[in-house]
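The values are calculated or read from the model by the stated rules, or taken from the named source; none is laboratory data. If you're wondering where the values come from, they're calculated on a predicted model, not measured in any experiment. Virtual Cβ from ideal backbone geometry, glycine too; neighbours counted across all protein chains shown.
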Amino acid sequence: MPGSHFPPDAWIVGVDLGGTNIAIGALQADGSREVAFHSEPTLAVEGPEAVTERIVKAVERTITRVQQETGATRAQFVGVGIGAPGPLDRARGVVITAPNLGWTDWPLREKVHAATGLHATLDNDANCATLGEWWLGAARGTRNAIGITIGTGIGGGIVIDGQLYHGASDVAGEIGHVTIDSTGRRCKCGNYGCLEAYASGPAIAERAREAMWGEEPGVLWRLVEGDVSRITAQMVYAASKQGDPIAIDVVRETARYLGAGIGALLNVLNPEVVVLAGGVVNAGESLFQPLRAEVKRRAFRPAVEACRIMPGALGGSAGVVGAVAAFLQQTRGLDPA
């Protein structure tokens, strides 16, 4: 990318650390080429030392694959960007706490640096996914963007004038914990009425289970063979596409909840684009159409007219691409223009 202090043929390894899987790959510094993207189990139960060792081995395997496929030398690899669940202390490169991993105060950045000999950076995984979509995905070409990742929880990231916005203590972007109902459902964070308590994958499944009691069996019943404990958000989306009335209502209700949260964000931040990523995009226009309508109803017209609300373009590689982009920004290698 123009303005990078790295040569365009330099390589950076990106790591997207999740509670279930580690996604990893390598990109050239100008973003023109991605090689060796793959994922493998995190196995968090083995503890932070074992997971970090697994990351290091995956980084080395990725470097070897890039060398084999492109003829690159080890000297062309300038660093490792890591996206991890938080909260984080970016200044120290420490994962302060990661409930899905069971980590507390783990110096991940320095561990990876010491084992690989490569400069490493650390940023929030949802921030990275947003930055990835801004750099090479659905938000490419914009200066102000919001990303929302919807899965087991709801994460987010904010790009302002081409730079990730972290806030005073690296907490900015916790979109899942915007309150949409002050006396609503209790969230795992301890608050009431958080967006995550209504529109995350588990919350969608739970609302579907609640809606099914006393109703006539339909598509969703058949998908789970009558065992409502097996319902997932993905099943709800699939059933809605097959015309199941309960699933259709749950998807529309999810759109209203998301629309309430996104409408507030538009009024505060006035972005050019809001990118939604995660399994929720599988619902397609059955979700996005009522979501956009709800945002239009709630946000100021100039903010709505200036903003596109769309699914992510990078799929499972968004976090890896964003981890590389975060590395470039943190090392002043990425020109936001």
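Data overview
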| item | result |
| --- | --- |
| Members of region 22-46 found to be touching a Leu at 6+ places or on another chain (Cβ under 9 Å), part of a loop (DSSP other than H, G, I, E, B) and of a type outside the set (V, I, T), listed by number | A29, G31, R33 |
| Filtered residues of region 132-158 (kept if in contact (Cβ under 8 Å) with a residue 60 or more places away in the chain and hydrophobic (A, V, I, L, M, F, W, C)) | W134, W135, L136, A138, A139, A145, I146, I148, I150, I158 |
| Tally, over region 256-296, of residues that are among the small types (G, A, S) and under 17 Å from G156 (Cβ atoms) | 8 |
| First in region 195-221 and under 30 Å from G156 (Cα atoms) and surrounded by fewer than 18 Cβ atoms within 10 Å (Cβ to Cβ), second anywhere and modelled with pLDDT under 90 and among the polar types (S, T, N, Q), Cβ under 8 Å, 6 or more apart | P202/T152 |
| Scan of region 70-103 for residues that are modelled with pLDDT of 95 or more and of a type in the set (S, T, Y), ordered by number | T70, T73 |
| Residue list for region 55-84, filter: free of Cβ contacts under 8 Å to residues at least 12 places away in the same chain, hydroxyl-bearing (S, T, Y) and part of a helix (DSSP H, G or I) | T64 |
| Selection status of V281, touching a Gly at 6+ places or on another chain (Cβ under 9 Å), modelled with pLDDT under 95, buried (at least 17 other Cβ atoms within 10 Å of the Cβ) and hydrophobic (A, V, I, L, M, F, W, C) | yes |
| Checking T152 against (1) surrounded by fewer than 16 Cβ atoms within 10 Å (Cβ to Cβ); (2) under 27 Å from N282 (Cβ atoms), the condition it does not meet | (1) |
| Some residue of region 299-316 being part of a helix (DSSP H, G or I), surrounded by fewer than 21 Cβ atoms within 10 Å (Cβ to Cβ) and under 18 Å from the mean Cα position of the chain (by Cα) | yes |
| Breaking point among (1) touching a Leu at 6+ places or on another chain (Cβ under 9 Å); (2) in contact (Cβ under 8 Å) with a residue 24 or more places away in the chain, for P87 | (1) |
| Residue match in region 71-91 (condition: over 23 Å from T20 (Cα atoms) and basic (K, R)) | yes |
| Search result, residues across region 258-278 that are surrounded by fewer than 21 Cβ atoms within 10 Å (Cβ to Cβ) and not in a helix (DSSP H, G or I) | N270, E272 |
